[in-house]
1. Could you tell me which residue of segment 16-46 is nearest to the chain's Cα centre (by Cα), considering only residues that are in a helix (DSSP H, G or I), farther than 18 Å from ALA108 by Cβ and among the charged types (D, E, K, R)?
2. Is it the case that ALA137 is in contact with a strand residue (DSSP E or B) (Cβ under 8 Å, 6 or more places away or on another chain), in a helix (DSSP H, G or I) and of a type in the set (Gly, Ala, Ser)?
3. Report, ordered by the first and then the second residue, all pairs with beta carbons closer than 7 Å, sequence separation of six or more or different chains, a first member in segment 117-141 that is closer than 15 Å to TYR97 by Cβ, and a second member that is among the charged types (D, E, K, R) and surrounded by 11 or more Cβ atoms within 10 Å (Cβ to Cβ).
4. Of the conditions (1) among the charged types (D, E, K, R); (2) in contact (Cβ under 8 Å) with a residue 60 or more places away in the chain; (3) closer than 23 Å to ALA107 by Cβ, ASP177 clears all except one; give me its number.
5. If only one of SER64, SER73, SER32, SER93 is farther than 23 Å from LEU3 by Cβ and polar (S, T, N, Q), which one is it?
6. Which of (1) touching a residue at least 40 places away in the same chain (Cβ under 8 Å); (2) under 17 Å from CYS87 (Cβ atoms); (3) surrounded by fewer than 18 Cβ atoms within 10 Å (Cβ to Cβ) is the odd one out, the single condition LEU21 does not satisfy?
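Quick note: the coordinates plus some simple rules give every number you see, no bench work behind them. For clarity, every value in this text was computed on a predicted model and none was experimentally measured. Cβ atoms come from the backbone with ideal geometry, glycine included; neighbour counts cover every protein chain shown.
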Amino acid sequence: MSLPLIVGISGASGAVYGLRLLDALRTAKVASHLVISKSAALTIKEETGLAADAVRSMADVTYSNGDIGAAISSGSFKTRGMIIAPCSVRTVSDIAYGGTENLLSRAADVVLKERRRLVLVVRETPLHAGHLRSMLAATENGAIIMPPVPAFYHRPTSVDDIVNQTVGRCLDLFDIDSGLVKRWRSEAES
């Protein structure tokens, strides 16, 4: 069996990215280990009408955000890496400056120290200089900042098309072909 991918969902708007990511991992037969922050549980309910437990049931393994002794808090627990989708600026700042007071930021810190891939789907706009400094510091630590900026070359016709493209591109960074990405000029030109 392949290594699991850690999925974090923070309290930023855009809970649908985390839900679609869990669904895509299940389809791709990649195990997901999920952490949902307390504010994410509120955002999930507000944006989707789902309870956090319903989202947890989509993952293979779940952890409480307060469980800093969980398997994913140790570098000896091997994973593919981690995607936090959506990722709040607060979570980016914790990751940028080494804050590890909850499992979400601790697991991200472990992923970075082990030189595994960490993708942060930062959902905030507009940005002030402090946000940008935090994103730069997280990048300097090894994270990949991937705001959910929609592509239009594939001519999306729904929000689902836009979400799928972003989630698929996140998974591309782990060499997981989800089938969600409409590739640029993927068809032979005549």
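1. So the first thing to find is which residues in segment 16-46 are in a helix (DSSP H, G or I), and the list is 16-27, 38-46.
Add one more test, that the residue is farther than 18 Å from ALA108 by Cβ, and what stays is 16, 19-20, 23-24, 26-27, 41-46.
If we keep only those that are among the charged types (D, E, K, R) too, we end up with 20, 23, 26, 45-46.
Working: ARG20: 10, ASP23: 13, ARG26: 15, LYS45: 18, GLU46: 19 Å.
This residue is ARG20.
2. Working: in contact with a strand residue (DSSP E or B) (Cβ under 8 Å, 6 or more places away or on another chain): no; in a helix (DSSP H, G or I): yes; of a type in the set (Gly, Ala, Ser): yes.
Spelling it out, it is not the case that ALA137 is in contact with a strand residue (DSSP E or B) (Cβ under 8 Å, 6 or more places away or on another chain), in a helix (DSSP H, G or I) and of a type in the set (Gly, Ala, Ser).
3. As it stands, the answer is HIS131/GLU124, since those pairs meet every condition given.
4. Single failed check for ASP177: (3).
5. Values: SER64 fails: farther than 23 Å from LEU3 by Cβ; SER73 fails: farther than 23 Å from LEU3 by Cβ; SER32 fails: farther than 23 Å from LEU3 by Cβ.
SER93 is the lone residue from the list that is farther than 23 Å from LEU3 by Cβ and polar (S, T, N, Q).
6. (3)
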